[in-house]
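Enquirer: Pasting a structure here, questions to come.
The values are calculated or read from the model by the stated rules, or taken from the named source; none is laboratory data. Only a predicted model underlies this, so the values are computations on that prediction, with no experimental measurement involved. We place every Cβ from the backbone using ideal geometry, glycine too, and count neighbours over all the protein chains shown. All accessible areas refer to the heavy atoms of the entire protein, side chains included, with ligands and DNA or RNA removed. Shrake-Rupley method; radii C 1.70, N 1.55, O 1.52, S 1.80 Å.
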Amino acid sequence: MTVTIVLLATALVIVVALLAAAGAGALARMDGATYPAALTRAATTFAAVITLSAAVTAALGTLLT
């Protein structure tokens, strides 16, 4: 049961990160950025979402133990 919850939560975080990255890339292109600049912004957004979810998980882990 626990493994299933962890896998589902991981999949959800990755999907949200990909959607945020796609949105950031699209907004960058609409703003007139070049493809490499838009890809850089998308990658930065993806990394930020993953880092934020790791930080929230660590904070919740220390609170709940």
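Enquirer: Under 7 Å between Cβ atoms, which residue pairs at least 6 apart in sequence (or on different chains) link something in the stretch 5-32 that is assigned to a helix (DSSP H, G or I) with a partner that is open to solvent by 80 Å² or more (accessible area, probe 1.4 Å)?
Expert: A24/R41; G25/L39; G25/R41; A28/R41
Enquirer: With respect to V16, determine if the residue is of a type in the set (A, V, I, L, M, F, W, C), touching a helix residue (DSSP H, G or I) at 6+ places or on another chain (Cβ under 7 Å) and open to solvent by 60 Å² or more (accessible area, probe 1.4 Å).
Expert: Yes; evaluated as a whole, the condition is true for this residue.
Enquirer: Select from the stretch 33-46 the residues that are assigned to a helix (DSSP H, G or I), open to solvent by less than 100 Å² (accessible area, probe 1.4 Å), over 22 Å from T10 (Cβ atoms) and not small (G, A, S) and list them in ascending order.
Expert: Scanning the stretch 33-46 gives P36, T40.
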